[in-house]
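Structure, as structure tokens:
We did not get these values from a lab; they are worked out from the coordinates using the rules stated. Bear in mind the structure is a predicted one, so any value in this text is a computation, not a measurement. Using ideal geometry, Cβ is built from the backbone for each residue, glycine included, and neighbour counts are taken over all protein chains shown.
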Amino acid sequence: MKIIKVECTPLSIKFVKPIIMSGGPVNWAHTVLLKLYTDEGITGVAECGDTSMWYMGESQESILHNVGNIYAPLVLLGEDPFNIETIIARMDRVVYRNYHSKALVDYALHDLVARALGVPLYQYLGGRANERIELAYVMSSGTPQEVADNARKLVSAGYKGLKLKVGHNNIEEDVEMVAEVRRAVGSSVHIMTDTNGGCDY
């Protein structure tokens, strides 16, 4: 089996409401969809998640460039997708760091190999470890009351964990926001905080 075509598609998705984080409001998610086609008609598909220079060090444009103009001609085309470790090592030799674009290729290769073997990806990766996975919800920063009201709705919808964006406000306001959320949802819900590297207090 050989990779015969590499297709990258930029996707930009506008949020219904901005997510307020330490660096300010985020209104869009910019991502890249990758498809790796083979000579046997099997296609591996992956998506890289949100891109951002300030957080991941790569942009949508840099990922499109790395995958389409460097990895595709120098590493991927003509390669057996089962040679994942070889492909990763070759990407490391042709481009320094840029882990977001390399991870995108890695994801698509794993998807492709699992499809070629006719097994779900989780099975290819070693099997099911949990019957259920509890989800957490990433929450925008805001006033303590706004965030607490939203947290209450999310817990009612079944979320067992809440990740609160902090660092946009001062420390006193952030402490009050977290405390208000705890009062609103009780002690059984996991609460996490995330400054996105933006705290200066």
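Label separation (N69 vs W28): 2.0 nm, computed from points 7 Å beyond Cα along the C-beta direction.
Taking neighbour Cβ counts within 10 Å as the exposure measure, how do C8, C199 sort from fewest upward? Kindly include the intermediate steps, with their values, before the conclusion.
Details: C8 21, C199 13.
Neighbour counts put them in this order, fewest first: C199, C8.
On full extension of the chain, what length is gained from I133 through S188, given 0.36 nm per residue of separation minus the C-alpha to C-alpha distance?
Working: separation 55, 0.36 × 55 = 19.80 nm, distance 1.63 nm.
Result for the pair: 18.2 nm of gain on full extension.
Normalised by the number of residues in the chain, the mean separation of alpha-carbon contacts (under 8 Å, six or more apart) gives a relative contact order of 22 percent.
Past 24 Å, Cα to Cα: identify those pairs from K14/K160; K35/K102; K17/K102, in the order given.
Numbers: K14/K160 26 Å; K35/K102 14 Å; K17/K102 30 Å.
The pairs that break the limit, which is 24 Å between Cα atoms, are K14/K160; K17/K102.
Sorting R183, R115 from the fewest to the most surrounding beta carbons within 10 angstrom yields R183, R115. With a cut-off of 12 Å between beta carbons, the residues surrounding V138 carry a summed charge of 0, where Lys and Arg count +1 and Asp and Glu -1.
For A116 and D92, what is the calculated FRET efficiency with R₀ set at 22 Å and r taken between the beta-carbons, to the nearest 0.05? Don't skip to the end; give the middle numbers.
Details: r = 24 Å, r/R0 = 1.09.
Computed FRET efficiency for A116 and D92: 0.35.
Packing, as the average of other Cβ atoms within 10 Å across residues, places the peptides 55-68, 146-159 in the order 55-68, 146-159, highest first.
Taking the Cα centre of the chain as origin and assigning +1 to Lys and Arg Cβ atoms and -1 to Asp and Glu Cβ atoms, the resulting dipole is close to 380 debye.
Going by how many other beta carbons lie within 10 Å of each one, how would you line up I20, I3, fewest first? Let's see the in-between values first.
Numbers: I20 18, I3 22.
Starting with the residue having the fewest Cβ neighbours, the order is I20, I3.
Each Lys and Arg adds +1 at its Cβ and each Asp and Glu adds -1 at its Cβ; summed about the Cα centre, region 82-201 shows a dipole of about 580 debye. Kindly identify region 76-201 as rounded, prolate or oblate by the Cα gyration tensor criterion: order the square roots of the eigenvalues as a ≥ b ≥ c, call it rounded if a/c is under 1.5, otherwise compare a/b with b/c, prolate if a/b is larger, else oblate. Oblate, since a/c reaches 1.5 and b/c is not below a/b.
What FRET efficiency do you get for E146 and V175 if R0 is 22 Å and r is their Cβ-Cβ distance, rounded to the nearest 0.05? Calculated value: 0.85.
Given the DSSP H assignment, sum -39500 (n - 2.57) over each helix run of at least 4 residues in the chain and divide by its residue total; what's the result at 222 nm in deg cm²/dmol, nearest 500? Don't jump to the answer; show the numbers that get you there.
Numbers: 6 runs with 68 residues, N = 201.
After summing the helix terms and dividing by residue count, I get -10500 deg cm²/dmol.
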